[in-house]
1. Would you confirm whether any residue within the range A:185-196 is part of a helix (DSSP H, G or I), within 25 Å of A:Val46 (Cβ to Cβ) and touching a residue at least 40 places away in the same chain (Cβ under 8 Å)?
2. Just for the range B:187-200: of the residues that are out of contact with any Leu (no Cβ under 9 Å at 6 or more places or on another chain) and surrounded by 19 or more Cβ atoms within 10 Å (Cβ to Cβ), which one is modelled with the highest pLDDT?
3. Filter the range B:281-296 down to the residues that are in contact with a Lys or Arg (Cβ under 9 Å, 6 or more places away or on another chain), more than 11 Å from B:Leu228 (Cα to Cα) and part of a loop (DSSP other than H, G, I, E, B) and list them by number.
4. A:Tyr66 fails exactly one of the following numbered conditions: (1) farther than 29 Å from A:Gly309 by Cα; (2) modelled with pLDDT under 90. What is the number of that condition?
5. Counting only residues that are at pLDDT 90 or above and within 23 Å of the chain's Cα centre (by Cα), how many does the range B:156-183 have?
6. Which of the residues spanning the range B:229-250 are farther than 30 Å from A:Ala33 by Cα, surrounded by 17 or more Cβ atoms within 10 Å (Cβ to Cβ) and without any contact (Cβ under 8 Å) to a residue 60 or more places away in the chain?
7. Among (1) free of Cβ contacts under 8 Å to residues at least 60 places away in the same chain; (2) in a strand (DSSP E or B), where does A:Cys167 come up short?
8. Here is a check on your reading of the model: is B:Thr91 over 19 Å from B:Arg303 (Cα atoms) and exposed (fewer than 15 other Cβ atoms within 10 Å of the Cβ)?
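The values are calculated or read from the model by the stated rules, or taken from the named source; none is laboratory data. Given the structure is predicted, the values throughout are model-derived calculations rather than measurements. All Cβ positions, even for glycine, are placed from backbone atoms using ideal geometry, and neighbour counts span all protein chains on display.
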Amino acid sequence: MEDEDELPLFAAVSSSARQLYLLLRCINFSEKAHVQISEEGLKFSVDEAGVMEGFAFLDKSLFTSYTFRAPPPQRSSIRDSDDEEDEEETSTNPTFQISLPSLLETLQIFGLTDPNNSKPPWARDNPTSTAFSNNVLGMNNMCRISYDSFGSPLVIVLTEASIRTTCELTTYEPAFADEIPFDRQSLAFKTIMRGTWLFDAISELASTTPARLTLVARLARSQKPYFALSASGPLGSARVEFNNNLAPSTKPPPPTNPPSVENPAESPNLLETFQLSNPETTLRYTYKFSLIQKAARAMSVATKVSVRGDTQGVLSLQFMIEVEAGKVSFVDFRFVPLVEKDGGEMDDETVLEEGEGSGSGMEDEE
Amino acid sequence: MRFKASIQNITTFTKLTASLNSLGPLAWVKLSDDQVCFTIIPEQGTQVWAVLSIDTIFETYTVQSAANNVINLEVPLISLNRALKTALNATSAQIRLTKKDNMPVLALTIVTTSSSNSYAAFPTTGANNNEDAFETSTFDSAIGGGNHETIITQEVPVRVLSPDIVAGLHEPQCREPDVHIILPPLVQLKSISDRFTRLAVVGAKSGMGTTSSSRTRLEVAANMHGCLKMSIKTDAMSISSVWTDLNNPELDPSQVAGGEIGIAEHPSTRMKQLGSADGRSEEGWASVRIDGRDWGKVMSVGRLGGRVIACFCHEHALILYVYLPNDNGEDESVLTVCGSAVTSCPNWSHPE
């Protein structure tokens, strides 16, 4: 027991604070973030008024060394004496809140003192860049994160050259425990596409400062997937449609030479996966646009995004972010849907009919 | 009362005025036979007492007055800096004290040679015409001449201070410092301290208690083992950066009162006994607390690129000596920047 107290509960060393920064920046929409330390990695979660959540999972593989010593189990049984059975699993992993902006600012201290940080390390005209210079070796990105015991601050130590920066982030009691329930077992629909396409669509729609974003998914005739994002606000409405197999009229070059030869890696389909639990109906969920927009940073850096909605209408956006070649991390968002009024639904219905008409027209041409 | 000089080192002079301007709007400039002093005493914040040897910025320098050939001027730094900026590409620049409508002004006469790009493609003709233009006039070279000589005169209104006004102004006396250390490049220090100040604002926002935004109190400390520490504390976090392997210059016995004995009894000798070179020890630090924004302004003297020695009087004052490099490699000119510690002077931090 004595030496257990001396060793920290958790200690990890990362050789690239930039990776951590890039991932955590995706969920930087709230002042406080929950941190849960577990055997597998660090989970950062951020909550916005209980209707939106963002998670970034820093897998232990992102760190060059990762030690987590699970706290002694009696600790949790003392604390949760009345309901120890179901609390045992979760309470052993330390959970606390920290100031996320402070953490992000700290991680950015790297490279500040490097006069060449504006140039890439491989720049030829950089006289100080040798094979052994700090930024090539990644030395100036060394960062150590540790958490000694319950209630102690989260300590981040950054070392570069002869400067050592120590940051102690105050840990706060966790405020929320419940995640937004998302039922993976009863998915209403699922689609996978490139992150940048979703980003482009959202940025395009954002220009009209809409209030709501409606997500429409259905199977058109001949089992063609149809996915659309339509935004509506006081200034009007706009819609971005994602169609697999573009109609020939919209494709400028004649389809004589197969386009897939040029870039075989690129899927000819805009939507990589498209599943609807009930193909007969049109799925339509509405969310607050400003909340969806908060995930824009993740959209812009993600290679792929999986858009899922469960039967309750909860939207899950899972972003696959390539932090370095071949190594992927995931950032998740969940959104609670807006409850639609009857009148609003009627309006959407008419818009949708038009869309359906044009869609079928395009199919006829093909 | 006469003052006339040609400016030898326009870039240094411009950087100096820009740096000083960030610390205070008005400078007391004392021109005497052997040196030029720039002094800034703002209502609150950091004082600057700069002593420049004349050849740091001037050459062919003449100063005459009834009071021992000393002229005291109050110069608005922003105007002087703006005037000097136009001289950055000048071939020559002169400064003199004159009167205009009975108002004393510092007149800068700046001669620039601007060559338009199309003519610059023919360097030989351009050079020939340039010489012609010199001999004849500056105006008739518009067609034939490649280079145009332009004379710009900038006038900076100043106030002449009588000797009895400045008689009461003295460089603040401070006790012998506990720690003296050569600072890392100020640009590096500034980038970190600016980040700290921003962190404090972020931290104050996320902190539960509503802390006033003025509380960006940086704590700067150093020991006699080559360590410098800068830290800031907010509700949400505390962060500190430690520099190691810096240099603590040796004291010169001839400069310290009491010679060898004086050094043996010097506070810094005592501080040498404490602390460690890795900066992990709690002991041996001389620290001062300063306002983050003020510190950022002080750090702007880093653009002069001189060697900086910081002298720490524990919980009292921090004095920075900035040695400006000269052409001959020796550094003679000294900028003294004194910041009193926040503890002894609570209204030091800026309002808002």
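1. So the first thing to find is which residues in the range A:185-196 are part of a helix (DSSP H, G or I), and the list is A:195-196.
Filter again for within 25 Å of A:Val46 (Cβ to Cβ), leaving A:195-196.
Subsequent filtering for residues that are touching a residue at least 40 places away in the same chain (Cβ under 8 Å) retains A:195-196.
Checked against the condition, which is being part of a helix (DSSP H, G or I), within 25 Å of A:Val46 (Cβ to Cβ) and touching a residue at least 40 places away in the same chain (Cβ under 8 Å), the range A:185-196 yields at least one hit.
2. B:Lys190
3. Residues of the range B:281-296 that are in contact with a Lys or Arg (Cβ under 9 Å, 6 or more places away or on another chain), as a first pass: B:284-285, B:287, B:289-292, B:295-296.
Now restrict to residues that are more than 11 Å from B:Leu228 (Cα to Cα): B:284, B:289-292, B:295-296.
Of everything in the range B:281-296, just one residue is in contact with a Lys or Arg (Cβ under 9 Å, 6 or more places away or on another chain), more than 11 Å from B:Leu228 (Cα to Cα) and part of a loop (DSSP other than H, G, I, E, B), namely B:Gly284.
4. (2)
5. So the count comes out to 11.
6. Filtering the range B:229-250 down to residues farther than 30 Å from A:Ala33 by Cα leaves B:243-250.
Now drop any that are not surrounded by 17 or more Cβ atoms within 10 Å (Cβ to Cβ), which leaves B:243-244, B:246, B:248.
Within the range B:229-250, B:Trp243, B:Thr244 qualify.
7. (1)
8. It is true that B:Thr91 is over 19 Å from B:Arg303 (Cα atoms) and exposed (fewer than 15 other Cβ atoms within 10 Å of the Cβ).
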